[in-house]
Structure formats: structure tokens, C-alpha cells
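Each remark here refers to the structure printed beneath this line.
The values are calculated or read from the model by the stated rules, or taken from the named source; none is laboratory data. These numbers were taken from a predicted model, which means no experiment stands behind them. Neighbour counts are summed over all protein chains in view; Cβ atoms, including those assigned to glycine, are modelled from backbone coordinates with ideal geometry.
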Amino acid sequence: MTAKKPLPQKTCPTCGRPFSWRKKWQNCWDEVVHCSERCRRNRNRNRASDGDRAELRKPR
Ligand SMILES: [Zn+2]
């Protein structure tokens, strides 16, 4: 039996979701921070359109 190694994972700071290693990152995984290029571009403007962040503003 050969147990496959689990893929490494990181958490995207833009969307706050975990993402797994992809082959296209095999040479630069250490430098990968965001789950996608879209998140990488949105990192500076993640106010609107990010429903997950609404949790931070939830009224008590
Ligand atoms: Zn993301």
C-alpha cells in the first residue's frame, strides 16, 4: 500500500479559506500566500463583496 502524502495547505488571508497545494505552485509554494490570483489582487480591497468578513461587523 502506498499512502499518498496529504497536500500541504495554507489559509488565504483575503478570503480566509484554506487552499491546497497545486502543481503550478510546485516551484514557488513558499511564496504563495493567496489561494488565487483574484484574491491576490483583492487583498487591498476586501471590504465590500466579501460576505465572510461581515462576521467582524456583526452587531451584538
Ligand atoms: Zn482566497
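Details
- Residues of region 18-39 that are exposed (fewer than 12 other Cβ atoms within 10 Å of the Cβ) and in a loop (DSSP other than H, G, I, E, B): GLN26, ASN27, CYS28.
- Close Cβ contacts (under 9 Å, 6 or more residues apart or on different chains) running from residues in region 8-35 that are of a type in the set (Asp, Glu) to residues that are within 15 Å of the ligand (Cβ to nearest atom) comprise GLU31/TRP25.
- Unique match (being in contact with a Ser or Thr (Cβ under 8 Å, 6 or more places away or on another chain) and at pLDDT 95 or above) among ARG40, ARG17: ARG17
- The residues of region 1-36 that are among the aliphatic types (A, V, I, L, M) and away from the ligand (no atom under 15 Å from the Cβ), listed by number, are MET1, ALA3, LEU7.
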